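Undergrad: The structure under discussion is supplied below as structure tokens; questions concerning it will follow.
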Amino acid sequence: MNAPGKAWWPWKPQERLGSYAVIGVGRFGGAVCSELLRAGAEVLAIDSSQRAIDELRQLDPALEARVVDCTDEEALRDSGALDVDTVVVAISEPIEASITATLIVKDSHGSRVRQVIARATSDLHEKMLQRVGADRVVFPSRMQGLRLGRELVRPNLLERLRLDDRNSIEEITVPSTFVGRSLRDLNLRRNCSVTVLAAGPANRLTFNPPASYTLAAGELLVVMGSCEALEALPSG
């Protein structure tokens, strides 16, 4: 077991994707892990059940996973959960466990966690999670685990319309690396294998914009292509 305060991953964190811990790997938490792993992010999976951890490891035998009591501050610290960028508290019940885990990763001395996303099962649960510092609260009925995982690694993705098993249309915020550049200069069809359908401010999109159109910060892009090509676009 790692010494307190030391990172659990054996490699340098990827700048774009960051590092994540998912506490509670049932159906919802497992889906979050699955999407993060698929995107190539560093993930630490935590659950009090050895069976849940074993089932998750079938997705990726090399997955960093720990059987941990999430209400034990020192156990969470030793696991490495306080050394990641983002923690998803995906526990459904008992609610006391999710509240305690949220408080620990958010406020423990020396915690490096910058964002805590917690799962709630009721409006009261949501309020309690917010009181102990959750940066964001989600309901499984409103947001599925796969979608949350996708949002974590692609924060500029606003909407996705899946056309078939391979292709989608996405609305994204213009990446910072595209700001001030024309569509002709970017040539996204040739360089990124995606087609630009529309661009511009949210309330005044230009459909089929000319090649001379120059993208500005805060504007939107509506693009179409394969899922792989879309996911390769800059996310920030």
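Bear in mind these aren't lab numbers, they're just calculated from the coordinates by the rules spelled out. Everything numeric in this text was worked out from a predicted model, so none of it was measured. Neighbour counts are summed over all protein chains in view; Cβ atoms, including those assigned to glycine, are modelled from backbone coordinates with ideal geometry.
Undergrad: What are the residues whose amide H is under 5 Å from the amide H of A65, where those residues sit 5 or more places off or on another chain and H is modelled from the backbone?
TA: Amide H to amide H, under 5 Å and 5 or more residues apart or across chains, A65 pairs with A45.
Undergrad: Just want to confirm a number: the relative contact order over the stretch 196-235, from Cα pairs under 8 angstrom separated by 6+ residues, in percent. Please report the intermediate quantities before stating the final value.
TA: On the way: 45 pairs, mean separation 16.4, N = 40.
Once divided by the residue count of the stretch 196-235, the mean separation gives 41 percent.
Undergrad: In addition: To the nearest 0.05, what FRET efficiency results for Q58 and R114 with a Förster distance of 35 Å applied to their C-beta separation? Present the calculation step by step, with values, prior to reporting the outcome.
TA: Values: r = 30 Å, r/R0 = 0.86.
Efficiency, rounded to the nearest 0.05: 0.70.
Undergrad: Compute the orientation-averaged projected area for the stretch 157-231 from the convex hull of its Cα atoms and round it to one decimal in nm². It would help to have the intermediate numbers written out before the result.
TA: On the way: hull surface 18.2 nm².
Average of the hull's projected areas for the stretch 157-231 equals 4.6 nm².
Undergrad: Quick one: what are the phi-derived ³J(HN,Hα) couplings along the stretch 112-123, Karplus 6.51/-1.76/1.60 with θ = phi - 60°, whole Hz, x for glycine and proline?
TA: Karplus values, whole Hz, x for Gly and Pro: 9, 5, 9, 8, 10, 10, 10, 8, 10, 10, 7, 5.
Undergrad: D47: net charge of surrounding residues, Cβ under 14 Å, Lys/Arg +1, Asp/Glu -1, itself excluded?
TA: Details: positive: R27, R51, R57, R66, R119; negative: D54, E55, E64, D69, D72, E93.
Net local charge, D47 excluded: -1.
Undergrad: While we're here: What FRET efficiency comes out for D72 versus R131 if R0 is 22 angstrom and r is the Cβ-Cβ distance? Round to the nearest 0.05.
TA: Working: r = 21 Å, r/R0 = 0.96.
With R0 = 22 Å, the Cβ-Cβ based efficiency is 0.55.
Undergrad: Sticking with this structure for a sec: What ratio of Cα Rg to 2.2 N^0.38 Å holds for the stretch 19-153?
TA: Details: Rg = 13.1 Å, N = 135, 2.2 N^0.38 = 14.2 Å.
That works out to 0.92 for the stretch 19-153.
Undergrad: Same structure, new question: Quick one: net charge around T100, please, counting Lys, Arg +1 and Asp, Glu -1 for every other residue with C-beta under 12 Å from its C-beta.
TA: Once all neighbours under 12 Å are counted, the net charge is -4.
Undergrad: Relative contact order (percent) for the stretch 47-142, with alpha-carbon contacts under 8 angstrom and 6 or more residues of separation? Present the calculation step by step, with values, prior to reporting the outcome.
TA: On the way: 138 pairs, mean separation 20.6, N = 96.
Dividing the mean separation by the residue count of the stretch 47-142 yields 21 percent.
Undergrad: Could I ask something else about it? From the phi angles alone, apply the Karplus equation (6.51, -1.76, 1.60; θ = phi - 60°) to the stretch 85-99 and give each ³J(HN,Hα) in whole Hz, x where the residue is Gly or Pro.
TA: 6, 10, 10, 9, 8, 9, 5, 8, 7, x, 5, 4, 5, 5, 5
Undergrad: On to the next question. Can you work out the FRET efficiency for the pair F207 and N187, with r the C-beta to C-beta distance and R0 = 30 Å, to the nearest 0.05?
TA: Working: r = 19 Å, r/R0 = 0.63.
It comes to 0.95.
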